[in-house]
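J.: Take this structure, written in structure tokens, and hold onto it; I'll ask about it next.
We did not get these values from a lab; they are worked out from the coordinates using the rules stated. If you're wondering where the values come from, they're calculated on a predicted model, not measured in any experiment. For neighbour counting, all protein chains shown are included, and Cβ atoms are generated from backbone atoms with ideal geometry for every residue, glycine included.
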Amino acid sequence: MAVDYKVLPDSRGHFGPYGGRFVSETLMQALEELEAAYQRFRDDPDFLREFDIDMAHYVGRPSPVYHAERWSRESGGAQLYLKREDLNHTGAHKVNNTIGQALLAKRMGKTRVIAETGAGQHGVATATVAARLGLECQVYMGEEDVRRQSLNVYRMKLLGAEVIPVTSGSRTLKDAMNEAMRDWVTNVDNTFYIIGTVAGPHPYPMLVRDFQSIIGREAREQMLAMTGALPDALVACVGGGSNAIGLFHPFLPDASVAMYGVEAAGDGIETGRHAAPLSAGRPGVLHGNRTYLMEDDDGQIIETHSISAGLDYPGVGPEHSWLKDTGRVNYVSITDKEALAAFHRLTRLEGIMPALESSHAIAYAEKLAGSLPKDAKVLVNLSGRGDKDIHTVAALEGIRF
Amino acid sequence: MNRLNQRMQALKASGRKALVPYLVCGDPCADATVPAMHALVKAGADVIELGVPFSDPMAEGPVIQRAHERALAQKTTLRGTLEAVRRFREADKETPIVLMGYANPVEVMGYAAFAKAAATAGVDGLLTVDMPLEEGGDLNAALKAEGIEPIFLVAPTTSPERLARICAVAGGYLYYVSLKGVTGAAHLQVDSVKEALSRIRKLTDKPVCVGFGIKDAASASAVGALADGVVVGSALVDRLGAIAIGANAKTEAESTSCDVLSPIRAALDALVTRA
């Protein structure tokens, strides 16, 4: 049966049984206001022109697709291509979305933006656009992540943002998101909440996806131009899942293109110390949407583990939950150890240092390529650069600066 | 008729203001909750809102967040909360109990199974903070089938059109959130509560209890003069949370509950006498 992927979510933000708007009454009006603003501007030529100009001249798009020949040879199978989101201004795909939402904030007359961040990439991207548009900016970040990602914390401060360490709960991304929601409820009149991933209450999963879909739209044209055909497979890492949805979405109707979303298996799925709700969780309600979650038998959210702060999240965007259930996308997982090995391998073979998040996609793509013929093409989303992770990698090797 | 609706009607008939204390089940320890609930009733509580501990209480300020953390550290979750209600009911079959919590624990138990277990334990109402009307159809049907009333928040930003839809489903009372923000935030603006209540009264004759920002006799008196009742949350939770876990926790929870609630009860009753 043909599925029309373009019509989802429905008018209430549902992707099948997932998504929706599970928030306190105190946030309903703010979300309705945001939805109305987005419906008004999403097809507005002026808005789209401004977005396109920023993407081209500020972010540096289109990001290239690179045929990693040496890495392909070493992997012993399919040809591996990288969509170079690491080359964007600020070093990751996150900026595509923060620019889109900041332009929306400006049109809605908001003077202050807030964000949650895990690895710090979304925080940096938010602080960057806030600096440029002259908006006040506060970023919530779990205390544990502040420690792990001190370089990005300092970058945000340099950009004029205030980083607020969050000490509640597990002190990571999920708690930062709780705290940002609390701020938004309190300051909703002048504040726009820039959510960094395709999760949260409707309309966030839809609007973040729409802004990030520029990745897949470009990649589709680039692959056709470079190779004369669509890729056989797409691979992207999945935490909340914004870079993966951004790559996958424009390819969803292309039945010949297989898709792999790579979750963080941490110490291994069997150890329970991981961040792979699609691989080992079950559906529930958190952060405004129904989706696969890491939860216990009492419905309490359990702590996650991943070497990469950006994947260390117990939920996932609701569209991914739906794509899992429909079988359109395969969700797999990669351990900390495998991701770290892939980080080193890509760095040494191609002179490209991937973020630890993206290293999960790199690791799975190598495995996949090995099982495919040499003329098959695998396109991997290199969602961010690894500079921010140098301290983490060095510490694991016992090096202190 | 449901115990909660009955109680709200009786209060209205007698002109008495509803005093609704909120505490988190299992805070500061599991065996303090039921004694505290009985003490609250003795001190004049008309309805008890019992918080169901959740790992991610998104709408709460720091005071109630920490209460959820303490209760979870004591391993109290939804099942433990239902068990506390069951034990409370052994001695009190009159005081209505409203559970207040987040959607996920109920999702995991299953709506029908939850509603049945809650009704058996003696629960009268459920306020699911992150389950707005639009998402709550199946849950609310399951609750109604077991005689449990769905309770809804109404915010300063709730439009008349939404309020009408909420009133069509809501049981018990409307819980008017007097502030923008999380629980326990800043202080009350009585004028804006007054203005909002007169708007709400034009649309419904359901009883309205006001929460968020009511912390003592003075604020309760100011709001009580306008509303059908007041919810006292953070002010009570703050005091309960300061109790050290140990042999004395039960008696301290009892005396603390009485200390916090008695002056507020007196202030609310003075309103009636004056009228």
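J.: Other chains near B:149-160: what is the mean number of their Cβ atoms within 10 Å of each residue's Cβ?
T.: Whole-number average of other-chain Cβ neighbours for B:149-160 is 3.
J.: Rg over Rh of chain A, using C-alpha atoms and the Kirkwood radius, what does it come to?
T.: With Rh from the inverse mean 1/r over Cα pairs, Rg/Rh is 0.94.
J.: Under the definition of Cα pairs under 8 Å and six or more residues apart, what whole-number percent is the relative contact order of region B:3-274?
T.: Once divided by the residue count of region B:3-274, the mean separation gives 26 percent.
J.: Filter chain B for me: DSSP H helices, axial length by Cα at least 27 angstrom, mean Kyte-Doolittle hydropathy not below -1.0. List them by residue number.
T.: What comes out of the filter, once short or polar helices are dropped, is B:249-274.
J.: With +1 on each Lys and Arg Cβ and -1 on each Asp and Glu Cβ, how big is the dipole of region A:29-84 about its Cα centre, in debye rounded to the nearest 20?
T.: That gives region A:29-84 a dipole magnitude of about 580 debye.
J.: Using the count of nearby Cβ atoms within 10 Å as a rough guide to exposure, how do A:HIS344, A:HIS93 rank from fewest to most?
T.: Starting with the residue having the fewest Cβ neighbours, the order is A:HIS344, A:HIS93.
J.: To continue, here is another question. For region A:338-383, which trypsin sites (Lys or Arg not before Pro) are in a loop by DSSP, counting at most 16 other Cβ atoms within 10 Å?
T.: A:LYS374
J.: Per-residue counts of other Cβ atoms within 10 Å, averaged by peptide: what ranking do you get for B:109-121, A:253-265, A:232-244, highest first?
T.: A:232-244, A:253-265, B:109-121
J.: For region A:75-82, take each phi angle, set θ = phi - 60°, evaluate the Karplus expression 6.51 cos²θ - 1.76 cosθ + 1.60, and give the result in whole Hz per residue in order, putting x for glycine and proline.
T.: The phi angles translate into 6, x, x, 4, 7, 9, 10, 10 Hz.
J.: Using Cα pairs closer than 8 Å and at least 6 residues apart in sequence, work out the relative contact order for chain A, in percent.
T.: In percent, rounded to a whole number, it is 21.
J.: Quick one, could you list the DSSP H helices from chain A stretching 15 Å or more along their long axis (Cα atoms) with average Kyte-Doolittle hydropathy of 1.0 or above?
T.: none
J.: Placing +1 at every Lys and Arg Cβ and -1 at every Asp and Glu Cβ, with all other atoms neutral, what dipole size does the protein assembly as shown have around its Cα centre, in debye to the nearest 20?
T.: Approximately 680 debye in magnitude.
J.: Another question, if that's okay. Below 11 angstrom from the Cβ of A:ASP387, what's the summed charge of the other residues (Lys, Arg +1; Asp, Glu -1)?
T.: +1
J.: To the nearest 20 debye, what is the magnitude of the charge dipole of region B:3-274 about its Cα centre, counting +1 on the Cβ of each Lys and Arg and -1 on the Cβ of each Asp and Glu?
T.: Using only the charged Cβ atoms, the result is roughly 600 debye.
J.: Quickly work out the B:ARG201-to-B:LYS42 label distance, labels modelled 7 Å from Cα along the C-beta direction, and quote it in nm with one decimal.
T.: Output for this residue pair reads 3.6 nm.
J.: Among B:ILE148, B:PRO62, B:MET100, which residue has its Cα positioned farthest towards the positive end of the charge dipole of chain B, with +1 placed on the Cβ of Lys and Arg, -1 on the Cβ of Asp and Glu, and the dipole taken about the Cα centre?
T.: B:ILE148
J.: In addition: Tell me which residues come under 5 Å, amide H to amide H, from A:GLU295 once H is placed; ignore anything under 5 positions away on its chain.
T.: A:ARG282, A:ILE302
J.: May I ask which residue of B:SER234, B:ALA270, B:CYS209 lies farthest towards the positive end of the charge dipole of region B:3-274, with charges of +1 (Lys, Arg) and -1 (Asp, Glu) on Cβ and the Cα centre as origin?
T.: Looking along the dipole axis, the top candidate is B:ALA270.
J.: Exceeding 29 Å between C-alpha atoms, which entries from my cross-link table qualify? They are A:LYS83/A:LYS367; A:LYS106/B:LYS194; A:LYS110/A:LYS174; B:LYS17/B:LYS116; A:LYS6/B:LYS144.
T.: From the list (A:LYS83/A:LYS367; A:LYS106/B:LYS194; A:LYS110/A:LYS174; B:LYS17/B:LYS116; A:LYS6/B:LYS144), the Cα-Cα distance tops 29 Å for A:LYS106/B:LYS194; B:LYS17/B:LYS116; A:LYS6/B:LYS144.
J.: Per the Debye formula with a single identical scatterer at each Cα and no solvent contribution, what log10 I(q)/I(0) holds for the protein assembly as shown at q = 0.05 Å⁻¹?
T.: One equal scatterer on each Cα of the protein assembly as shown leads to -0.25.
J.: So, one more: If you rank B:CYS29, B:CYS167, B:CYS209 by fewest surrounding Cβ atoms within 10 Å, what's the result?
T.: Result, fewest neighbours first: B:CYS167, B:CYS29, B:CYS209.
J.: Which of B:LEU188, B:LEU174, B:LEU127 moves the most in a Gaussian network model of chain B with Cα springs under 10 Å?
T.: Greatest mean-square fluctuation among the candidates belongs to B:LEU188.
J.: For chain A, what does -39500 (n - 2.57) per DSSP helix run (n ≥ 4), summed and divided by total residues, give at 222 nm, in deg cm²/dmol to the nearest 500?
T.: Calculated from helices alone, the mean residue ellipticity at 222 nm is -12500 deg cm²/dmol.
J.: Put +1 on the Cβ of each Lys and Arg and -1 on the Cβ of each Asp and Glu in the protein assembly as shown; which of B:ALA119, A:GLY109, A:ALA130 then has its Cα farthest toward the positive end of the dipole?
T.: My answer, from the dipole projection, is A:GLY109.
J.: At q = 0.07, 0.10, 0.13, 0.16 Å⁻¹, what base-10 log of I(q)/I(0) does the Debye formula yield for region B:3-274 when every alpha carbon is treated as an equal point scatterer in vacuo?
T.: -0.21, -0.44, -0.78, -1.26
J.: To continue, here is another question. Which FRET efficiency, nearest 0.05, do A:LEU151 and A:ARG70 yield, Cβ-Cβ r, R0 25 Å?
T.: It comes to 0.30.
J.: Taking neighbour Cβ counts within 10 Å as the exposure measure, how do B:MET100, A:MET181 sort from fewest upward?
T.: The fewest-first ordering by Cβ neighbours comes to B:MET100, A:MET181.
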